[in-house]
Amino acid sequence: MIKQTKSRPSLFSNLSDMLNQSHPLYKLADEIDWKKFDSAFEPLYCHDNGRPGKPIRLMCGLLILKHLRNLSDESVVEQWSENAYFQYFCGMREFSPSMPCASTELVHFRNRIGCKGIELIFQESIRVNNKNDDDKHHDTAFIDSTVQEKNVTFPTDAKLHKKIVNRVLGIVRRLGLPLRQSYKFVLKSIYLDQRFRNHPRNRNKALKADRKLRTIAGRLVRELKRNLGDSHNYDELLKIFEAIILQKRNSKNKIYSIHEPEVQCISKGKEHKKYEFGNKVSIIRSSTGIILGAMSFRNEYDGHTIEPAIEQVERLTGRKIKILAGDRGYRGKKEINGTKIMIPDVPKRTDTRYQRLKKHKLFRKRAGIEPTIGHLKSDHRLGRNFYKGVTGDSVNVLLAAAAYNFKRAMKALLWLIEKISETLLCCHASLKMAF
């Protein structure tokens, strides 16, 4: 059931009168078209049945604030009750010291609106920035890819086998199933042998313990499968267990996490971090600094991500990018759907000095997308993805990109306020001198 935000003002104190109206968050709240979210998400609620849900503006505002301030679900709900600007941003008319909702309600709201709803928030972040830019900022854009790491530990086969043993023993205890041997004391000695494996004297002992742990994990999984029979809800989990036990060092499509089996092992050639475990992300940034496109992939070749990324930009903005510049990882295609793809290359002999300088300037400006990705990772939660599954990968990318655009709009509004105040001070000084 849908619940509407109270629109009538308070008789005693209005929250908007208590706050600084030049605050960037206050200005941004007035710039966003909140009615667009209400009309888009209202059909997802039942109007005449069930407990009334939280207002749509409140939930959308909490999602934006979470990635804007780099907070968790629990922290953003807690800080909302302490911050008057957060409450005004979410549509409150008077200050409320109580919690707006439970932190788990943000999870349900994300699942309710899905990737299309999150994409609508990202689209609004682009529109807010378009008001302060010229119409030609879609002419030239830059593309780059990065890895969005999942919230998993660095995977090793020994870790996964240990987790399998613990999960199987937990299921057996929960369901009260029979078990021939729990391997309690055997596992204790195995875990001791696996320690300090990097020391030359302990290497062979640790490898032998790894093989023994793998054997025990296989025995427990097979026994659990026999005892469960045919009617159970653990088919997918047992398939993951069996795949992990059968996989080897050089196996393809390896599983690196039990709770996130879709995680990919990606190597981007970094010296400090050879392998990253997560998924690939494509970012398109305009020449004026707006993120126009943000898409999640698995581990595709960079050149194969260009076409769906361009389609997303055209779908969200209704405009075509004329020139898209990338690094040499995008080699392969020169043009896609009328968009010219440019990568750094050896200058042609026929190029004039002006043409060479123009290309050199373009690719120097392309490097500006690297700090943009850095800000997305360090400031807006792209560095570690805590959302579950493939859908969570897409949701995290879109919300991080939307938060970056909203932060850019806040800086532009702050600059505009400072410029107006400087102009008023100059006018006041000139009038004072005249009299």
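Residue check: residue 386 meets all listed conditions (1) touching a residue at least 40 places away in the same chain (Cβ under 8 Å); (2) surrounded by 13 or more Cβ atoms within 10 Å (Cβ to Cβ); (3) on the phi < 0 side of the Ramachandran plot but one, namely (2). Among the numbered criteria (1) within 21 Å of the chain's Cα centre (by Cα); (2) open to solvent by less than 50 Å² (accessible area, probe 1.4 Å), which one does residue 53 miss? Evaluating residue 53 over (1) within 21 Å of the chain's Cα centre (by Cα); (2) open to solvent by less than 50 Å² (accessible area, probe 1.4 Å) leaves (1) as the failure. Looking at the range 170-203, which of its residues are touching a helix residue (DSSP H, G or I) at 6+ places or on another chain (Cβ under 7 Å), among the aliphatic types (A, V, I, L, M) and under 25 Å from residue 236 (Cβ atoms)? Within the range 170-203, 171, 172, 177, 179 qualify. The listed residues are 340, 333, 348, and the only one of them that is assigned to a loop (DSSP other than H, G, I, E, B) and in contact with a strand residue (DSSP E or B) (Cβ under 6 Å, 6 or more places away or on another chain) turns out to be 333.
Would you point out the residue of the range 99-125, among those that are of a type in the set (Val, Ile, Thr) and open to solvent by 30 Å² or more (accessible area, probe 1.4 Å), that is farthest from residue 81 (Cα to Cα)? Write out each step before concluding.
Going through the range 99-125, the residues of a type in the set (Val, Ile, Thr) turn out to be 104, 107, 113, 118, 121.
Those still in the list that are open to solvent by 30 Å² or more (accessible area, probe 1.4 Å) too: 104, 107.
Details: 104: 16, 107: 19 Å.
Once the filter is applied, the top-ranked residue is 107.
Contact annotation: residue pairs with Cβ atoms under 9 Å, 6 or more positions apart or on different chains, pairing a residue in the range 330-342 that is farther than 19 Å from residue 300 by Cα and polar (S, T, N, Q) with a partner that is assigned to a helix (DSSP H, G or I) and open to solvent by 80 Å² or more (accessible area, probe 1.4 Å), are 337/311.
With respect to the conditions (1) under 30 Å from residue 367 (Cβ atoms); (2) in contact with a Leu (Cβ under 6 Å, 6 or more places away or on another chain); (3) surrounded by fewer than 17 Cβ atoms within 10 Å (Cβ to Cβ); (4) of a type outside the set (S, T, N, Q), residue 139 falls short on a single one, namely (2).
Of all residues in the range 213-238, those that are closer than 14 Å to residue 163 by Cα and open to solvent by 60 Å² or more (accessible area, probe 1.4 Å) have Cβ atoms under 7 Å from Cβ atoms of residues that are of a type outside the set (Phe, Trp, Tyr) and modelled with pLDDT of 90 or more, 6 or more apart or on another chain, in 214/161; 214/245. Just wondering, is there one or more residues in the range 198-207 that are under 30 Å from the mean Cα position of the chain (by Cα) and either among the hydroxyl-bearing types (Ser, Thr, Tyr) or surrounded by 14 or more Cβ atoms within 10 Å (Cβ to Cβ) (or both)? Taking every residue of the range 198-207 in turn, none turns out to be under 30 Å from the mean Cα position of the chain (by Cα) and either among the hydroxyl-bearing types (Ser, Thr, Tyr) or surrounded by 14 or more Cβ atoms within 10 Å (Cβ to Cβ) (or both).
Considering only residues that are open to solvent by 50 Å² or more (accessible area, probe 1.4 Å) and touching a Ser or Thr at 6+ places or on another chain (Cβ under 8 Å), which ones fall in the range 267-294? Within the range 267-294, 268, 274, 275 meet the criteria.
Selection of the range 343-383 for residues being among the β-branched types (Val, Ile, Thr) and open to solvent by 40 Å² or more (accessible area, probe 1.4 Å) yields 346, 350, 352. For the range 242-252, the criterion of being of a type in the set (D, E, K, R) and modelled with pLDDT of 95 or more is satisfied by at least one residue.
Here residue 95 meets each of (1) of a type outside the set (Asp, Glu); (2) in a helix (DSSP H, G or I); (3) open to solvent by 60 Å² or more (accessible area, probe 1.4 Å); (4) more than 27 Å from residue 324 (Cα to Cα) with one exception, condition (2).
The values are calculated or read from the model by the stated rules, or taken from the named source; none is laboratory data. Note that the coordinates shown come from a computational prediction; the quantities given were computed from them, not determined experimentally. All Cβ positions, glycine included, derive from the backbone under ideal geometry; neighbour counts span all protein chains shown. Note: areas computed on protein heavy atoms with side chains; ligands, DNA, RNA excluded. Shrake-Rupley method; radii C 1.70, N 1.55, O 1.52, S 1.80 Å.
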